Every structure is written in structure tokens, then in C-alpha cells.
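Here's the structure we're looking at; comments come further down.
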């Protein structure tokens, strides 16, 4: 158990809908990362927050947004969902935002768009 | 630009024999390098990391990796495979920009 929690575990929704994925980092970790894992794209970095501020942006679509709250939990919002958004979404946390800090991954949220 | 190439998408070994998972990286700066393992339907777990200290890095579960700057490689090895090692393995490079680049993964099968 990494100490990173994600809810929900599974989510099934229809095209065009909007969903919110939630992540609680390990106790003491200030950085949160979001990743998308799909069979065709592999593991893609989406976005990183550090202590409430956006630090790095990867291959995140404009339909997706995220934020980190004062209590350090983070939410990833996915809107106007398409079939291709079906994937496993991981959250990870690290103690700081430097490149040498290892990340601890949550169990993921499996999103199915029908 | 930073990138990671995992040279084998699938590796199959017999239980008790050595494991070698190959990873080459490209980085303009002194990178940090990681290996993660993902068991089916689970999140990723850190095996080991290199951050410009000793070039031979020891990780959990008997795994180790050697950073070779001249070859831009960071191969993962284990002397003796165990059935529980069957999983997907990811090599990761991180640079000064705080972005983490994942390889496409190597699926390890361990034959009894």
C-alpha cells in the first residue's frame, strides 16, 4: 500500500458526460501527478501540482482540468467525454517537485466511456 | 528532449534464471532514472532509482540496475527470477523540468 488513495475505483459513464476523479496524496507529500494509461498510448503524464500550484503540464487535453486543494488532495475533471478517454487514470505523489524525488502511485481509477 | 526506450516489449525467463530488462534513455541533462513495476490491476511500485550517486543501484526484491552514461543505459537485472516477478516493468527518466517520461513497458513472464 503506497499511501496514495484514489476514488472511485471504477467509473462507467456515457459520451459527453463529465466526471471527477479524486486523489489523496501520502501524508506529508506536497506534489501530486496525474497520469493516463491506455493500451494504445501507454502511460502519459498529464499534469503536476505542488502545494496547490500547477508545476508541469504534459499531454493533457483542453477538456481535462485539475486542481489541488489546500488540504493537498487533488481532483481531475474530465468533460465532454469521448470513447477514447476510456483508460486507467493514476495519481501519484512525491514529497517535493524535484526530478530526483520518486513518486508513489495510487491504485488508479478505471474509467469506461460507453 | 528526454525519452526512454525499453528495448524489449516482452521477456520470458525460467524460474531461477537471471533477468535482464533493457532501457536506454536520452537526456540533455543529468537525469534521474527510475524503474517501476506494475502487477496486474495494480498501481505502479518503485523498484529503484538513480540520482547521480552510485552508478550501481540496488532496489527491492533483489533487483538492481547500473547507470552507464557512455551507453546511455539503465538496464534492470535480477540474478534469479521468481514467479512473483511476473509483471510489467517501466523505465522512467526525469529531468530538470520535473517531467517524468515513461518507457512503453516490458512484460516479464516467468516460466515454472
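Tabulated data for the structure shown
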quantity: When residues of segment A:78-102 are limited to those that are at the interface with chain B (Cβ under 8 Å from one of its Cβ atoms) and more than 10 Å from residue A:34 (Cα to Cα), the one farthest from the chain's Cα centre (by Cα); calculated: A:100
quantity: Tally, over segment A:103-114, of residues that are at the interface with chain B (Cβ under 10 Å from one of its Cβ atoms), buried (at least 17 other Cβ atoms within 10 Å of the Cβ) and more than 16 Å from residue A:51 (Cα to Cα); calculated: 5
quantity: Residue match in segment B:93-109 (condition: at pLDDT 90 or above, buried (at least 18 other Cβ atoms within 10 Å of the Cβ) and over 25 Å from residue A:31 (Cβ atoms)); calculated: yes
quantity: Segment A:57-72, residues that are within 11 Å of chain B (Cβ to nearest Cβ) and either in contact (Cβ under 8 Å) with a residue 24 or more places away in the chain or not in a strand (DSSP E or B) (or both); calculated: A:58, A:59
quantity: Those residues of segment B:31-48 which are modelled with pLDDT of 90 or more and over 18 Å from residue B:87 (Cβ atoms), in sequence order; calculated: B:33
quantity: From the options A:49, A:33, residue that is in contact (Cβ under 8 Å) with a residue 60 or more places away in the chain, within 12 Å of chain B (Cβ to nearest Cβ) and closer than 20 Å to residue B:100 by Cβ; calculated: A:33
quantity: Sole exception among (1) in contact with a strand residue (DSSP E or B) (Cβ under 7 Å, 6 or more places away or on another chain); (2) over 30 Å from residue A:89 (Cβ atoms); (3) within 14 Å of chain A (Cβ to nearest Cβ); (4) free of Cβ contacts under 8 Å to residues at least 24 places away in the same chain for residue B:53, by number; calculated: (1)
quantity: Residue satisfying all of: in segment A:73-94; in a loop (DSSP other than H, G, I, E, B) and in contact (Cβ under 8 Å) with a residue 60 or more places away in the chain; surrounded by the most Cβ atoms within 10 Å (Cβ to Cβ) among these; calculated: A:81
quantity: Filter result for residue A:75 (closer than 14 Å to residue A:46 by Cα and more than 14 Å from chain B (Cβ to nearest Cβ)); calculated: yes
quantity: Residue ranges of strands (runs of 3 or more DSSP E) in segment B:1-49 with at least 1 members surrounded by 13 or more Cβ atoms within 10 Å (Cβ to Cβ) and more than 12 Å from every other protein chain (Cβ to nearest Cβ); calculated: B:3-6, B:10-14, B:19-21, B:23-26
quantity: Count of segment B:56-66 residues which are surrounded by fewer than 21 Cβ atoms within 10 Å (Cβ to Cβ) and either assigned to a strand (DSSP E or B) or away from every other protein chain (no Cβ under 14 Å) (or both); calculated: 7
quantity: Scan of segment B:60-83 for residues that are at positive phi and in contact with a strand residue (DSSP E or B) (Cβ under 6 Å, 6 or more places away or on another chain), ordered by number; calculated: B:62, B:72
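The values are calculated or read from the model by the stated rules, or taken from the named source; none is laboratory data. Remember, predicted model here, so these are calculated numbers, not experimental data. Note: ideal-geometry Cβ built from the backbone for every residue, glycine included; neighbour counts use all protein chains shown.
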